Structures are given as structure tokens and as C-alpha cells.
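Comments concern the structure below.
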Amino acid sequence: MFYTYIIYSKAIDKYYVGSCQDIQERLEDHLNSRSKYTKQAKDWELKYFETYSSRSEAYQREMQIKKMKSRKYIENLIGNKS
């Protein structure tokens, strides 16, 4: 399984969109400063994820979300999943 995910940091009030194969391991990477963008905060929380059967599908969805360049779009995704 592959995932497209959204994490959120309250400290810096930002969302991060990514894709990966192991969502728990990737979240640990973000929490332990092993990712360039997310090392500016230590309180990342998983807010949303989607499951895919291939890495390319997960990555394509990541790029689709990022191209929206919209916090409102991300918050609507998160809100609709709850």
C-alpha cells in the first residue's frame, strides 16, 4: 500500500502534503527533523490520508493536491473525511 497524506503543525500553523509507503515511519521522520521542510516544527499531526495500490498513484494525488495551492481545499478534504 502507498499513501498520500496531510500533516499539520499547530506551532507554525502549516499543512504539509506528501506520499509514502509506510505512513507511521514517515510521520516519525517528520517529527524527528529528518525532512527538510518539516524540521521547522516538532508537533506534526496526521490529519488525512488516502490509500493507493501504487507509488505513482499516490504521488500523482500528492501533486494534484499541491497544485491546488489552497489551504481551503486541504481543510475541506480533512473536514469531509472526519
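The table for this structure:
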quantity	calculated
Out of 54, 70, sole residue that is within 21 Å of residue 1 (Cβ to Cβ), polar (S, T, N, Q) and open to solvent by 30 Å² or more (accessible area, probe 1.4 Å)	54
Tally, over the range 58-67, of residues that are touching a strand residue (DSSP E or B) at 6+ places or on another chain (Cβ under 7 Å) and open to solvent by 50 Å² or more (accessible area, probe 1.4 Å)	2
Set 5, 16: member being in contact (Cβ under 8 Å) with a residue 12 or more places away in the chain and in contact with a His (Cβ under 8 Å, 6 or more places away or on another chain)	16
In the range 37-51, residue surrounded by the fewest Cβ atoms within 10 Å (Cβ to Cβ) [restricted to those that are in contact with a helix residue (DSSP H, G or I) (Cβ under 7 Å, 6 or more places away or on another chain) and closer than 18 Å to residue 1 by Cα]	46
Neighbours by Cβ (under 8 Å, 6+ apart or cross-chain): first from the range 23-34, closer than 11 Å to residue 5 by Cβ; second surrounded by 12 or more Cβ atoms within 10 Å (Cβ to Cβ) and among the aliphatic types (A, V, I, L, M)	23/46; 27/7; 27/46; 30/7
Boolean, residue 41 is at pLDDT below 95 and of a type in the set (A, V, I, L, M)	yes
The lone exception for residue 34 - which of (1) surrounded by 15 or more Cβ atoms within 10 Å (Cβ to Cβ); (2) more than 12 Å from the chain's Cα centre (by Cα) it fails	(1)
Enumeration of residues in the range 3-15 that are in a strand (DSSP E or B) and either small (Gly, Ala, Ser) or open to solvent by 30 Å² or more (accessible area, probe 1.4 Å) (or both)	3, 8, 9, 14, 15
Meets criteria (out of contact with any Cys (no Cβ under 6 Å at 6 or more places or on another chain) and not aliphatic (A, V, I, L, M)) for residue 61	yes
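The values are calculated or read from the model by the stated rules, or taken from the named source; none is laboratory data. Being a predicted model, the structure only gives us computed values, none of them experimental. Cβ: placed from backbone, ideal geometry, glycine included. Neighbour counts: every protein chain shown. With ligands, DNA and RNA removed, areas are computed over all heavy atoms of the protein, side chains included. Shrake-Rupley method; radii C 1.70, N 1.55, O 1.52, S 1.80 Å.
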